[in-house]
Amino acid sequence: MSNPVMRWQIISPESDQLAGFYTKLFGWEASRNNMMNYQMIDTASERGIDGGIWPAPAGTPSFVQLFIEVDDCAAYVASAGALGATVLMPPQALPDGDVMAILKDPAGMSFGIMQAAKV
């Protein structure tokens, strides 16, 4: 598996403002059809990837987080830990069957890994 970056998300206390900014600037579509208030961003691009904008608590610095596709989320969490990463969110199954985890690399940057649902 090549482990491509498969999704991005912007995390910010100003999520609504940023969704408006990026959709107007780039012509993206935002939809919030979930109970977590997460705005899915459709870039309508054949070359790029879609993402999302996630609300954060007030006072949290805004940041961008990348998600890398993996074939075994738990195995990659263990490997990352052995290489010095910290687990911020252990592997969790999402409603669609995907499994994701959030890690912090040895330099302190957070990133996500995502395992596609088994069909």
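All of the numbers you see were taken from the coordinates with simple rules; none came from a lab. Because the structure is predicted, anything quoted here is derived from the model rather than measured. A quick note on method: Cβ atoms are made from the backbone with ideal geometry, for glycine too, and the neighbour counts reach across all protein chains shown.
Using a cutoff of 8 angstrom between alpha carbon atoms and counting only pairs six or more residues apart, the relative contact order for the chain works out to 25 percent. All C-alpha to C-alpha distances of the chain, sorted into 5 Å bins beginning at zero, yield P(r) values of 2, 11, 18, 23, 20, 15, 8, 2, 0 percent in whole numbers. Applying 1/(1 + (r/R0)^6) with R0 = 30 Å to the Cβ-Cβ distance of Leu88 and Val119 gives a FRET efficiency near 0.60.
With contributions of -39500 (n - 2.57) from each DSSP H run of at least four residues, the per-residue ellipticity at 222 nm computed over the chain stands at -5500 deg cm²/dmol. Taking all Cα pairs closer than 8 Å and separated by 6 or more residues, the relative contact order of region 1-48 comes to 22 percent. In degrees between 0 and 90, to the nearest 10, how far off the longest principal axis of the chain does helix 73-82 point, with axes built from Cα atoms? Helix 73-82 sits at roughly 70 degrees to that axis.
Taking a point 7 Å out from the Cα of Asp96 in the direction of its Cβ, the residues of region 49-69 whose backbone N falls within less than 19 Å of it are 49-55, 65-69. For the chain, modelled as a GNM whose springs connect Cα atoms under 10 angstrom apart, the maximal fluctuation among Ile41, Ile11, Ile49 occurs at Ile49.
Restriction of the trypsin sites (Lys or Arg not before Pro) in region 1-100 to DSSP coil positions whose beta-carbon has at most 16 other beta-carbons within 10 angstrom yields Arg32, Arg47. For the chain, the residue among Met109, Ala44, Tyr76 whose Cα projects farthest onto the positive side of the dipole built from Cβ charges is Met109.
Taking 0.36 nm per residue of separation and subtracting the Cα-Cα distance, full extension of the segment from Met109 to Asp42 would add 21.6 nm.
Other residues within the sphere of radius under 14 Å centred on the Cβ of Val70, judged by their own Cβ, net out at -2 (K and R +1, D and E -1).
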